[in-house]
């Protein structure tokens with residue numbers, strides 16, 4: 001089954017404690033991206049990757065890092081999380097504009 | 001640059017009534033257009049998409065949308081609302097290319113009243 005998986009689905013952490021949210025897709029897509037969803041703001045793109053070892057900033061990259069060492073995986077890294085990064089995060093992979101979304105990770109930073 | 005405007009952050013309809021969710025876009029090139037639905041506590045699911053060809057696009061669950069270039073619109077409709085249609089709906093635009101990002105609207109929450 002074609003899918004995008006994310007882990008963990010829920011995470012509560014404290015300010016400053018590094019964390020990684022994993023994302024994996026099995027569709028051999030070159031393009032992957034991370035979004036955050038906040039009430040009233042819709043989905044905003046954090047980072048995207050057009051292929052292995054090629055990443056670029058989206059609209060709201062501050063406080064986040066990504067890596068793309070292999071095509072299927074695109075982890076999101078928060079080196080020093082802060083409360084304003086409390087949000088719902090979605091990973092997506094796409095082909096010809098159609099994006100396939102993961103189930104989301106709800107992150108709370110205390 | 002592209003942008004999407006969804007008119008109305010919240011729309012309420014009665015069960016059985018017409019659903020109309022509005023989306024206007026801005027794009028310097030002929031766009032690809034999408035509607036996604038997000039049910040509570042779930043990810044985003046593609047409802048329908050327009051790429052080329054027929055401007056009236058039919059999607060899942062009885063939804064359809066019409067691409068109107070002259071109005072730069074891509075409104076989503078459904079003739080008769082069901083309770084199960086209550087969700088958040090996102091309109092999105094991209095350029096016709098293999099690897100380009102989607103630009104999303106801020107979303108419209110649809111409530112269906114019994």
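The values are calculated or read from the model by the stated rules, or taken from the named source; none is laboratory data. Since the model is a prediction, treat every value here as computed from it, not as a measurement. With ideal geometry, Cβ positions are generated from the backbone for all residues, glycine too; neighbour counts draw on all protein chains shown.
All but one of (1) over 15 Å from the mean Cα position of the chain (by Cα); (2) facing chain A (nearest Cβ under 9 Å); (3) more than 20 Å from residue A:93 (Cβ to Cβ); (4) surrounded by 13 or more Cβ atoms within 10 Å (Cβ to Cβ) hold for residue B:41; which doesn't?
The failed condition is (4).
For residue B:53, indicate whether it is assigned to a loop (DSSP other than H, G, I, E, B), more than 11 Å from chain A (Cβ to nearest Cβ) and either at pLDDT 95 or above or under 11 Å from the mean Cα position of the chain (by Cα) (or both).
On the way: assigned to a loop (DSSP other than H, G, I, E, B): yes; more than 11 Å from chain A (Cβ to nearest Cβ): yes; either at pLDDT 95 or above or under 11 Å from the mean Cα position of the chain (by Cα) (or both): no.
So residue B:53 does not fit the description; no.
Looking at the stretch B:62-73, is at least one residue closer than 21 Å to residue B:8 by Cβ, loosely packed, with under 15 Cβ neighbours inside 10 Å and out of contact with any strand residue (DSSP E or B) (no Cβ under 6 Å at 6 or more places or on another chain)?
Yes; the residues of the stretch B:62-73 include at least one that is closer than 21 Å to residue B:8 by Cβ, loosely packed, with under 15 Cβ neighbours inside 10 Å and out of contact with any strand residue (DSSP E or B) (no Cβ under 6 Å at 6 or more places or on another chain).
So is residue A:107 in contact with a strand residue (DSSP E or B) (Cβ under 7 Å, 6 or more places away or on another chain), over 14 Å from residue B:44 (Cα atoms) and assigned to a strand (DSSP E or B) or not? Before the answer, list the steps.
Details: in contact with a strand residue (DSSP E or B) (Cβ under 7 Å, 6 or more places away or on another chain): yes; over 14 Å from residue B:44 (Cα atoms): yes; assigned to a strand (DSSP E or B): yes.
So residue A:107 fits the description; yes.
Among the residues of the stretch A:67-104, count how many are within 14 Å of chain B (Cβ to nearest Cβ), assigned to a strand (DSSP E or B) and at pLDDT 95 or above. Show your work before the answer.
First, pick out the residues of the stretch A:67-104 that are within 14 Å of chain B (Cβ to nearest Cβ): A:68, A:71, A:74, A:88-104.
Next cut, assigned to a strand (DSSP E or B) only: A:88-95, A:98-101.
Next, from what is left, pick out any that are at pLDDT 95 or above: A:88-91.
Qualifying residue count for the region: 4.
Would you point out which residue out of A:21, A:52 is more than 11 Å from every other protein chain (Cβ to nearest Cβ), surrounded by 13 or more Cβ atoms within 10 Å (Cβ to Cβ) and free of Cβ contacts under 8 Å to residues at least 40 places away in the same chain?
Working: A:21 fails: free of Cβ contacts under 8 Å to residues at least 40 places away in the same chain.
So the residue among A:21, A:52 that is more than 11 Å from every other protein chain (Cβ to nearest Cβ), surrounded by 13 or more Cβ atoms within 10 Å (Cβ to Cβ) and free of Cβ contacts under 8 Å to residues at least 40 places away in the same chain is A:52.
Taking the options B:96, B:101, name whichever one is within 14 Å of chain A (Cβ to nearest Cβ) and without any contact (Cβ under 8 Å) to a residue 12 or more places away in the chain.
After applying the criteria, what remains is B:101.
Just name the residue that is nearest to the other protein chains (Cβ to nearest Cβ) out of those in the stretch B:56-93 that are outside any strand (DSSP E or B) and either touching a helix residue (DSSP H, G or I) at 6+ places or on another chain (Cβ under 6 Å) or closer than 17 Å to residue B:10 by Cα (or both). Outline the logic, then answer.
Restricting attention to the stretch B:56-93, the residues satisfying the condition of being outside any strand (DSSP E or B) are B:59-63, B:69-72, B:79-86.
If we keep only those that are either touching a helix residue (DSSP H, G or I) at 6+ places or on another chain (Cβ under 6 Å) or closer than 17 Å to residue B:10 by Cα (or both) too, we end up with B:81-86.
Values: B:81: 22, B:82: 23, B:83: 23, B:84: 19, B:85: 19, B:86: 17 Å.
Among those that are outside any strand (DSSP E or B) and either touching a helix residue (DSSP H, G or I) at 6+ places or on another chain (Cβ under 6 Å) or closer than 17 Å to residue B:10 by Cα (or both), it is B:86.
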